[in-house]
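Here the structure comes first, spelled out in structure tokens, and everything after it is commentary.
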Amino acid sequence: MKTGIIIIFLLISTFSLSQKTTIPLIDGESCSYRIHYGFITAGKATYVASKKGEEIKIVLQGSSNSITDLFFKIRDKYESRINSRSLLPSYFKRDIIEDNYKINQLYFFNHKNNTVKTQKGEYRIKAKSQDMLSAVFFGRSLNSNFLKRKDPFFINLFIDEENYNMKIRYLGTEVLDTEIGPIRCIKLKPTVIVGRVFSSPDDLTIWVSDDQNHLIIRLEMKILVGSIKADIETAKNIKFPLSISD
């Protein structure tokens, strides 16, 4: 399975297949992140969420800066459309350029039949499967008590024409200094697939805000050629107050 670099830091928020609730966002929510490669600012990523009727549309774009382009050019764009009642995706589009790696994907989900139509054909999926982007927002519907459970939890994903059941562990809480203030966070460790990006299943750690929003605040990941960190820079039109600490 080949997973895009920009989407990785937004992929694993936290999830539950049994909870029936709502995604905590309002029309026009957006966040931006600064991507670091070691001590170097390598690029930015931004997403915008819009709501119309029972459909939520998410568009995520990420790119390397002019300096990083000289060594490793990144131009990634993802779009997902989610039903606000079922919290399941109906449409997913992925267009990425990462150095010499390029991919274009278009998925149409049929959750009644548990199938997905792609350019490569029709595939069977597990019940209540998410795409790479919808999974983030589905996970935000969980409360903090669930995220802090002792036992790991899982999410069904359909990525690169493959089904994947991702495991996520709770590691505790921590206050992080950010551009928008010190934020109390829940620290999580997803198990990732070793391959094009990761060399170990434990190479990814994420922090989400310990509040009703559960925004991703920071991500750190070890990759085959070093390490990458993503930090939140801006958060606009957020539904609930962030867990800003004094």
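Quick notes on this structure:
- Within segment 48-85, being more than 14 Å from the chain's Cα centre (by Cα), of a type outside the set (D, E, K, R) and at pLDDT below 95 holds for Gly53, Ser63, Ser64, Asn65, Ser66, Ile67, Thr68, Leu70, Phe71, Phe72, Ile74, Ser84.
- Tally of residues being closer than 14 Å to Phe109 by Cα and not in a loop (DSSP other than H, G, I, E, B) across segment 119-141: 7
Residue-by-condition table, conditions (1) closer than 30 Å to Ile26 by Cα; (2) open to solvent by 10 Å² or more (accessible area, probe 1.4 Å); (3) in contact with a strand residue (DSSP E or B) (Cβ under 9 Å, 6 or more places away or on another chain):
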position: Thr115; (1), (2), (3): yes, yes, yes
position: Gln119; (1), (2), (3): no, yes, yes
position: Arg124; (1), (2), (3): no, yes, yes
position: Met132; (1), (2), (3): yes, no, yes
position: Ala135; (1), (2), (3): yes, no, yes
position: Asn143; (1), (2), (3): yes, yes, no
position: Arg149; (1), (2), (3): yes, yes, yes
position: Ile155; (1), (2), (3): yes, no, yes
position: Glu162; (1), (2), (3): no, yes, yes
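- Near pairs, Cβ below 6 angstrom, 6+ apart or cross-chain, from segment 140-152 (under 10 Å from Asp210 (Cα atoms)) to any residue that is open to solvent by less than 20 Å² (accessible area, probe 1.4 Å) and aliphatic (A, V, I, L, M): Leu147/Ile186
- Every condition in (1) within 19 Å of Glu161 (Cα to Cα); (2) open to solvent by less than 60 Å² (accessible area, probe 1.4 Å) holds for Leu60 except the one numbered (1).
Residue-by-condition table, conditions (1) at pLDDT 95 or above; (2) open to solvent by 30 Å² or more (accessible area, probe 1.4 Å); (3) over 20 Å from Ala45 (Cα atoms):
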{"residue": "Asn165", "(1), (2), (3)": "no, yes, yes"}
{"residue": "Ile193", "(1), (2), (3)": "no, yes, yes"}
{"residue": "Asp203", "(1), (2), (3)": "no, no, yes"}
{"residue": "Ile216", "(1), (2), (3)": "no, no, no"}
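- The C-beta contact set for segment 60-72 (first residue closer than 12 Å to Glu98 by Cα, second residue outside any loop (DSSP other than H, G, I, E, B) and charged (D, E, K, R), distance under 6 angstrom, 6+ apart or interchain) comprises Gly62/Asp76; Ser63/Arg75.
- Among the residues of segment 72-94, those identified as open to solvent by less than 20 Å² (accessible area, probe 1.4 Å) and hydroxyl-bearing (Ser, Thr, Tyr) are Tyr78, Ser80.
- Of all residues in segment 79-100, those that are of a type in the set (Phe, Trp, Tyr) have Cβ atoms under 9 Å from Cβ atoms of residues that are open to solvent by less than 50 Å² (accessible area, probe 1.4 Å) and not in a strand (DSSP E or B), 6 or more apart or on another chain, in Tyr91/Asp131; Phe92/Asp131; Phe92/Met132; Phe92/Leu133; Phe92/Ser134.
The values are calculated or read from the model by the stated rules, or taken from the named source; none is laboratory data. These numbers come from a predicted model, not from an experiment. Ideal geometry is used to build each Cβ from the backbone, glycine not excepted, and the neighbour counts take in all protein chains shown. Accessible surface areas use protein heavy atoms only, side chains included; no ligands, DNA or RNA. Shrake-Rupley method; radii C 1.70, N 1.55, O 1.52, S 1.80 Å.
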